[in-house]
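J.: Structure provided below as structure tokens; questions to follow.
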Amino acid sequence: MKYHFVGDQGISMRGLKEYLRDQGHEVSGSDLKTGGHRAGNVTPDIDVAVRTSAVSPGSPGWVEVEAAKGLGIKVIKRSELLGEITRGKKLVAVSGMHGKTTITALAGLIMIAAGLDPTVLVGEEVPALGGVLRIGKSDWFVAEICEYDRSFLDVAPEILILTNIEEEHLDTYPGGLPEIKSAFIDYIKRVKSEGAIIACADDANIGEVISKSSWQGRLIWYGFGSEKYRSLDAKLALPGRHNLQNALAVIALAELLKIDRKAAEETISQFRGAHRRFELKGEYEGAPVIDDYGHHPTEIGATISALAERYPDKKKTVVFWPHQYKRIKSLLGQFAQAFSGADEVILKPIYFVPGRDERVDVSSDDLASKINEGGGKAMVMSNDDEIIRYLKKRLNEESVLLTIGIPPVYKIADTLLGLK
């Protein structure tokens, strides 16, 4: 068959393209990053057009969706394709607002080490896996399954790892947390009855949705509030309480799969992380430069806490590029609190996401004011060159720099370090 991917440069889309090619299919694709979207990209010989959830009415890629429909070509979402691929396989699905990439990578690695030979699809480049996709020969398939646009309702997990539930992706959940919880209840009902749920005991919302879902299958709790999977003997290479929590989920999975705990902990202790997950990019004038994907207050707060743990005596400078006006407006106070552990914060203007967002009455200046009102130090700079000039004057061996947020923010770190 021939597949055409609309928005094919997204991490998961790239992984699925690679998987289909490995299975002998022909694949084409287009993206704003590689020449843009045009109706002419869709040709009559295409059997299925696959769109990322970011491609929706009003976004540039929709012209290709319309062209495909005009030609009578089947159009499906990325998550629907993943559901088709994993149908009949033993899917280990990792879901929740935070921790998915780390847990998915670790789960895949311990299963590989144990000889289970899984296919692993992660949401970011993982050097230990050789990229975003590792193709195995067994029926096991480990993947991040996202809640955005209710994508998780297109799969049926054998094992579901649930990390946490809170307000996020409010562009597709206008009803806020109650609507999100309702979607997770529907998701839990899709777990195979003979399967299992591994859930974080530290998250009250997880407990609530599991209770309301009437799940009758096997249920395993992990986390600091659990009875069994609450501590780790191995020392982690990644700092932060959240990464310890992530590791505990994987230890619970290991025991479920009858993988030796010591062997699992050894694999976990050697894990150096994924791209843009507390990634050490280098040093500038003695200052470590860290980059992270965190874009939600919980993730930002956890990353800054890990920064303080790893570099307790250094001044913490953070450059944050926020995106999605609706997210910033709804969680403005939480964002301000998330930066309380930083010594100074540089904010870029909020990035507008075409097709997924609308401009509402909030700005990075509002966030800076909120941070400053709380006793912090924040400023807004719109130009990367201005930010880099400022950093060059301020950073030294007594500093540590964290760039965090929407992916292009890492380019500030790269430019500062002379990597590009």
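The values are calculated or read from the model by the stated rules, or taken from the named source; none is laboratory data. Owing to the predicted nature of the structure, the values given are computational and were not obtained by experimental measurement. Neighbour counts are summed over all protein chains in view; Cβ atoms, including those assigned to glycine, are modelled from backbone coordinates with ideal geometry. Just so you know, the surface numbers come from the protein's heavy atoms only, side chains and all, with ligands and any DNA or RNA stripped out. Shrake-Rupley method; radii C 1.70, N 1.55, O 1.52, S 1.80 Å.
J.: Sort through 161, 135 and tell me the only one that's buried (at least 17 other Cβ atoms within 10 Å of the Cβ) and on the phi < 0 side of the Ramachandran plot.
T.: Exactly one of 161, 135 is buried (at least 17 other Cβ atoms within 10 Å of the Cβ) and on the phi < 0 side of the Ramachandran plot, namely 161.
J.: Here's a follow-up. Could you tell me whether residue 272 is more than 16 Å from residue 95 (Cβ to Cβ) and touching a Gly at 6+ places or on another chain (Cβ under 7 Å)?
T.: The answer is no for residue 272.
J.: Is there any pair with a first residue in segment 323-341 that is at positive phi and a second that is open to solvent by 40 Å² or more (accessible area, probe 1.4 Å) and among the hydrophobic types (A, V, I, L, M, F, W, C) whose Cβ atoms are under 9 Å apart and which are 6 or more apart or on different chains, and what are they?
T.: Once the first residue is at positive phi and sits in segment 323-341, its partners that are open to solvent by 40 Å² or more (accessible area, probe 1.4 Å) and among the hydrophobic types (A, V, I, L, M, F, W, C) give 324/352.
J.: Does at least one position in segment 237-251 carry a residue that is farther than 30 Å from residue 291 by Cβ and more than 19 Å from the chain's Cα centre (by Cα)?
T.: No, that holds for no residue.
J.: When you check residue 369 against the structure, is it outside any helix (DSSP H, G or I) and either free of Cβ contacts under 8 Å to residues at least 24 places away in the same chain or farther than 22 Å from residue 341 by Cα (or both), yes or no?
T.: Considered against the rule, which asks whether it is outside any helix (DSSP H, G or I) and either free of Cβ contacts under 8 Å to residues at least 24 places away in the same chain or farther than 22 Å from residue 341 by Cα (or both), residue 369 comes out as no.
J.: Right, here's the next one. If you scan segment 164-193, which residues turn out to be open to solvent by 30 Å² or more (accessible area, probe 1.4 Å) and either in a helix (DSSP H, G or I) or under 14 Å from residue 220 (Cα atoms) (or both)?
T.: Result: 177, 178, 179, 181, 182, 186.
J.: Any idea how many residues of segment 377-420 are outside any helix (DSSP H, G or I) and either out of contact with any strand residue (DSSP E or B) (no Cβ under 8 Å at 6 or more places or on another chain) or open to solvent by 70 Å² or more (accessible area, probe 1.4 Å) (or both)?
T.: Summing the residues that are outside any helix (DSSP H, G or I) and either out of contact with any strand residue (DSSP E or B) (no Cβ under 8 Å at 6 or more places or on another chain) or open to solvent by 70 Å² or more (accessible area, probe 1.4 Å) (or both) in segment 377-420 gives 8.
J.: Output the qualifying pairs, or none if there are none: Cβ atoms under 6 angstrom, residues six or more apart or on different chains, first residue in segment 279-294 and farther than 20 Å from residue 389 by Cβ and in a loop (DSSP other than H, G, I, E, B), second residue open to solvent by less than 40 Å² (accessible area, probe 1.4 Å) and of a type in the set (D, E, K, R).
T.: Once the first residue is farther than 20 Å from residue 389 by Cβ and in a loop (DSSP other than H, G, I, E, B) and sits in segment 279-294, its partners that are open to solvent by less than 40 Å² (accessible area, probe 1.4 Å) and of a type in the set (D, E, K, R) give 293/276.
J.: Taking segment 71-88 as the search range and keeping residues that are in contact (Cβ under 8 Å) with a residue 24 or more places away in the chain and more than 24 Å from the chain's Cα centre (by Cα), which one is surrounded by the fewest Cβ atoms within 10 Å (Cβ to Cβ)? Outline the logic, then answer.
T.: To start, the set of residues in segment 71-88 that are in contact (Cβ under 8 Å) with a residue 24 or more places away in the chain comprises 71, 73-83, 85-88.
Then drop every residue that is not more than 24 Å from the chain's Cα centre (by Cα), which leaves 71, 73-75, 88.
On the way: 71: 14, 73: 19, 74: 13, 75: 19, 88: 10.
This residue is 88.
To keep it simple, each residue is scored yes or no on (1) without any contact (Cβ under 8 Å) to a residue 24 or more places away in the chain; (2) exposed (fewer than 13 other Cβ atoms within 10 Å of the Cβ); (3) not in a loop (DSSP other than H, G, I, E, B).
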{"site": "4", "(1), (2), (3)": "no, no, yes"}
{"site": "19", "(1), (2), (3)": "no, no, yes"}
{"site": "24", "(1), (2), (3)": "yes, yes, no"}
{"site": "29", "(1), (2), (3)": "no, no, yes"}
{"site": "37", "(1), (2), (3)": "no, no, no"}
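J.: For segment 281-302: of the residues being open to solvent by less than 10 Å² (accessible area, probe 1.4 Å) and β-branched (Val, Ile, Thr), which is farthest from residue 242 (Cα to Cα)?
T.: 289
Residues are listed down the side, and each one gets a yes or a no for (1) surrounded by fewer than 19 Cβ atoms within 10 Å (Cβ to Cβ); (2) without any contact (Cβ under 8 Å) to a residue 24 or more places away in the chain:
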{"site": "207", "(1), (2)": "yes, yes"}
{"site": "217", "(1), (2)": "yes, no"}
{"site": "227", "(1), (2)": "yes, yes"}
{"site": "245", "(1), (2)": "no, no"}
{"site": "256", "(1), (2)": "yes, no"}
{"site": "266", "(1), (2)": "yes, no"}
